[in-house]
């Protein structure tokens, strides 16, 4: 039996263990937390709940499900380690001469994949991978996204990361993702949920576009203004903030800035703040509305 089959067997056993009376109260709390998390879009679907709860939820506030199960059942050590060190994330798929590499979208770590027959050069995948003998393996389903989702995912996750860092000080992105994996599932589900929403205008983005007139002054403002928070410096993604309130997000395209605001009121207030921060180093070009159809 190979490692993939062994991990699948453990997953089945853990899924069956979810109905055990000893964890009934914890399961109710976990499900309520998962489907009513309001950090992004309010109530969302329960897709991915089983995967999240058997890997990442902490029962009684500290125990992983596999450790509770292992108290009275035998699990192979290699399978146990692989399961405990699995990684859920959004990945870019990169093809090398002899292999496929998954590059984590957030911490930029590369992962060599053992069962490459499941991959092609698609844009972004949302999946959980398991380590074994210096490679990582897919065990079950993955979700495939078009590469155009990269900007949306980076902005969303990095904004939550910035909020967490402001609260607790130093924090590495990989540590944040590991302890807040529910956000990854939520972002994945938000995409599915918003397709069927009745009031799609709630998700419209009002975007202001500016030409860069003085690159040096713009760079100085982006890095030193108290109203600008750096989310992903390499990707040129920032937040524009006033009185600790996030008004919008800036995408630096070198010769221009695209600034996204949620709602027309945020657009009006945000443009005033942009003038204050950047002065004559920017020239306003246009405003436009990006609908949920454009994002998806």
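All of (1) farther than 28 Å from residue 147 by Cα; (2) over 26 Å from the mean Cα position of the chain (by Cα) hold for residue 227 with one exception: (2).
Among the residues of the range 165-181, those that are in a helix (DSSP H, G or I) and crowded, with 20+ Cβ neighbours inside 10 Å comprise 176, 177. For the range 1-15, a tally of residues being in a helix (DSSP H, G or I) and farther than 19 Å from residue 84 by Cβ returns 0. Within the range 230-283, being surrounded by fewer than 16 Cβ atoms within 10 Å (Cβ to Cβ), assigned to a loop (DSSP other than H, G, I, E, B) and more than 20 Å from the chain's Cα centre (by Cα) holds for 243, 244, 253, 254, 255. Of all the listed residues (102, 65), the sole one being in contact with a helix residue (DSSP H, G or I) (Cβ under 8 Å, 6 or more places away or on another chain) and either in the same structural domain as residue 17 (by TED's automatic domain parsing) or under 23 Å from residue 161 (Cα atoms) (or both) is 65.
Against the conditions (1) outside the structural domain of residue 54 (by TED's automatic domain parsing); (2) in contact with a strand residue (DSSP E or B) (Cβ under 6 Å, 6 or more places away or on another chain), residue 157 satisfies every one except (2). The set of residues from the range 189-226 being modelled with pLDDT of 85 or more and more than 22 Å from residue 241 (Cβ to Cβ) comprises 211, 213, 214, 215, 216. Counting only strands (runs of 3 or more DSSP E) that fall entirely inside the range 57-151 and contain at least 2 residues that are in contact with a strand residue (DSSP E or B) (Cβ under 6 Å, 6 or more places away or on another chain) and within 22 Å of residue 5 (Cα to Cα), the qualifying elements are 87-95, 100-104, 110-112, 124-132, 135-138.
Per this entry, residue 289 is counted among residues that are modelled with pLDDT under 85, surrounded by 12 or more Cβ atoms within 10 Å (Cβ to Cβ), assigned to a strand (DSSP E or B) and assigned by TED's automatic domain parsing to the domain that holds residue 233.
The values are calculated or read from the model by the stated rules, or taken from the named source; none is laboratory data. Since the structure is predicted, the reported quantities are computational estimates derived from the model, not experimental observations. So basically every Cβ, Gly included, is an ideal-geometry build from the backbone, and we count neighbours across all protein chains shown.
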